[in-house]
1. Near Thr158, within a Cβ-to-Cβ distance under 15 Å, what is the net charge of the other residues, with Lys and Arg +1 and Asp and Glu -1?
2. In a shell of Cβ-Cβ distance under 14 Å around Ala64, excluding Ala64 itself, what net charge do Lys and Arg (+1) and Asp and Glu (-1) give?
3. Ranking Val244, Val71 by Cβ neighbours within 10 Å, fewest first, what do you get?
4. Among Leu99, Leu300, rank each residue by its count of other Cβ atoms within 10 Å, from fewest to most, as a rough exposure measure.
5. Strictly greater than 15 Å: what percent of every Cα pair in segment 137-177 meets that?
6. Excluding Asn144 itself, what net charge comes from residues whose Cβ is under 15 Å from its Cβ, given Lys and Arg +1 and Asp and Glu -1?
7. Counting other beta carbons within 10 Å of each residue's own, what order do Lys141, Lys45 fall into, fewest first?
8. In the P(r) worked out for segment 24-331, what percent of Cα pairs fall beyond 34 Å?
Amino acid sequence: MRTRFLFFAIVPALLLAGCAPGTTSSGITSSSNGGPAGRYIYVAKDMPALNGEILSGQILSFPATSIGTNVSPVATTTGPSSMFIQMICGDGNGNVYALYGDLVSPFSVYEYSASPNGVLTLTHSFTFTASSTVSSMAADKSGNVYLGMEDSTILAFTPTASGTVPPSFIFRGLYAWHMTTDQSGNLYAITDSGSGSTISVLSAGFTPTSAPSRIIACPGFYATDLTVDATGQIYVLGETTSSVPQILSFSPTAAGAAAPARIIAGAATGINYAGNIAIDAAGMLHVLQSAPNAGANTYLEFSSAANGNIAPAASFTDPVTYQAGASGLVIY
């Protein structure tokens with residue numbers, strides 16, 4: 001079975017002065033399928049100091065039409081200097097959520113509003129404590145935020161959560177490696193077993209005593225991320241037990257050991273590592289291949305109708321001056 005990695009940094013004893021939370025710098029030149037028009041990709045990375053230590057986390061904005069190598073972001077959003085960025089997600093309604101913190105609590109969630117030109121504006125935040133580490137995060141169009149924890153719980157927070165708050169409720173029994181929501185507010189959670197991944201669907205408005213409305217089994221396949229389009233079609237990125245990266249496409253009603261409707265896989269795809277995936281309003285799939293250490297990320301774009309060993313419609317890499325480490329890919 002493929003080993004999963006979470007990349008975190010050790011907090012240095014002394015941090016150099018950083019930008020204030022939510023500050024944004026623009027350049028020259030938004031799991032999400034709603035929000036402002038503009039088609040910008042948002043990805044999280046940690047920003048290295050001159051001595052190689054991590055100063056703080058950043059969210060980088062790239063035009064979804066980017067092509068080539070060493071593409072610079074059009075905007076960067078820097079989080080609090082005392083915390084690292086662990087992951088980001090979108091709510092399908094034009095907002096980007098970032099989880100800041102270290103390996104142990106407290107953790108903070110910052111909500112940013114995405115503008116049509118790729119600039120993020122901080123609109124809301126809350127802090128919470130937990131006895132476990134965060135493994136995944138998702139948000140729905142109403143602004144509810146869900147945190148998957150490594151103790152097999154999901155913490156739910158309402159759109160009005162502010163300050164240091166407890167979760168509105170705790171769902172138990174799912175170790176969610178990655179999560180996403182659809183436009184109806186249903187929550188999709190990836191869990192693993194010894195034989196592969198499963199996708200559990202919790203219906204919108206679920207409670208602590210709810211059972212998944214359906215479960216999709218992916219035997220021999222370990223998922224790293226998933227996204228859902230406006231029609232409910234499910235796209236799952238991952239690797240086979242022999243480490244072959246693939247994108248599986250499932251129908252909106254798939255359940256049990258349903259066979260995928262389409263599979264994108266093969267040397268021509270350029271997918272060498274299964275990282276994150278998101279779909280935009282135009283029906284294009286975007287795949288993020290994070291560099292395991294300091295280095296450039298690779299972004300690949302495919303039609304959601306693609307099938308088989310097919311080359312990406314477009315691709316680009318970002319600058320190598322940023323440190324990989326956070327997970328998540330958002331596009332508006």
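1. Taking every Cβ under 15 Å from that of Thr158, the sum is -2.
2. Net of charged neighbours comes to -2.
3. Val244, Val71
4. Fewest to most other Cβ atoms nearby, the residues stand as Leu300, Leu99.
5. 39 percent
6. Charge balance near Asn144 sits at -3.
7. Ordered by Cβ neighbours within 10 Å, fewest first: Lys141, Lys45.
8. So the pairs more than 34 Å apart make up 15 percent of the total in segment 24-331.
Any read-out appearing in this document is the output of simple, stated calculations on the displayed coordinates, not a laboratory observation. Please read all numbers here as calculations on a predicted model, not as lab measurements. FYI the Cβ positions are ideal-geometry reconstructions off the backbone, even for glycines, and counts take in every protein chain you see.
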